[in-house]
1. Full-extension gain between Asn155 and Asp124, please, as 0.36 nm times their residue separation minus the C-alpha to C-alpha distance.
2. Under 10 Å, Cα contacts only: if you run a Gaussian network model on the chain, which one of Leu143, Leu54, Leu67 comes out with the highest mean-square fluctuation?
3. With each pseudo-label sitting 7 Å past Cα toward Cβ, what's the Thr13-Ile139 distance in nm, one decimal?
4. Here is the link list: Lys110/Lys131; Lys21/Lys134; Lys21/Lys105; Lys76/Lys134; Lys3/Lys128. Which ones come out longer than 22 Å on Cα distance?
5. In degrees between 0 and 90, to the nearest 10, how far off the longest principal axis of the chain does helix 12-21 point, with axes built from Cα atoms?
6. Please list, or write none, the aspartates and glutamates whose alpha carbon is within less than 18 Å of the alpha carbon of Lys86, excluding same-chain residues fewer than 8 places away.
7. In debye, nearest 20, what is the charge dipole magnitude of region 1-134 about its Cα centre with +1 on Lys and Arg Cβ and -1 on Asp and Glu Cβ, if you could check?
8. Hey, what angle do you get for helix 123-156 against the long axis of the chain, alpha-carbon based, 0 to 90 degrees rounded to 10?
Amino acid sequence: MFKEIQIFKNEITYFEKLWIKNKVGQSPVYIIINPELLQTTSLSKILENMEISLKNLKINPLFPYPLYLITEQKLKSDIIPLANSKAELPPYFNFRWKVPTPSEKTIIQKINILKNNLIASPIDRFIKEIKTIKKEQKIFHDLLREEDFYIDIINNLPKK
């Protein structure tokens with residue numbers, strides 16, 4: 001279940017304490033910036049300080065659990081995913097808690113071990129690898145669509 005964090009200051013140390021207190025990276029989180037703070041500070045500066053604090057603590061805002069910034073302003077961040085509203089957040093993190101079965105408990109233990117390995121990995125490497133893989137998958141997808149197009153043309157040619 002997503003946890004909500006309200007931002008009231010624009011200081012790197014404030015963000016670092018906030019990330020530790022709310023266990024960012026260990027559960028899905030979304031951030032809402034106080035409107036009063038936005039009147040005095042630009043969103044790009046706040047976003048920059050948030051990214052610095054995450055790098056200082058070696059917290060990956062994408063893995064194993066995401067950290068979303070909810071804002072209606074159009075900004076671009078290579079590190080922190082952005083959303084326009086709570087409705088745009090991934091629905092698979094909204095679930096009801098129940099007591100896990102024994103087989104689910106063993107799966108949860110394995111996930112916790114893998115999660116710790118992900119946390120220990122550097123953020124920059126992950127982001128570069130994901131971008132490379134995304135780019136290659138897009139090229140592959142485009143080639144498959146082109147192949148399907150040509151196959152349809154061949155199948156629709158009149159037979160003699």
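1. The Asn155-Asp124 span can extend by a further 6.5 nm.
2. Leu143
3. About 4.8 nm separates the two model spin labels.
4. Lys110/Lys131; Lys21/Lys134; Lys21/Lys105; Lys3/Lys128
5. So the inclination is approximately 80 degrees.
6. Glu4, Glu72
7. In total the dipole reaches around 460 debye.
8. The angle comes out at about 20 degrees.
Read-outs: derived from the displayed coordinates by stated rules, not from any lab. Everything numeric in this text was worked out from a predicted model, so none of it was measured. Heads up, the Cβs are rebuilt from the backbone with ideal geometry, glycines too, and the neighbour counts pull from every protein chain shown.
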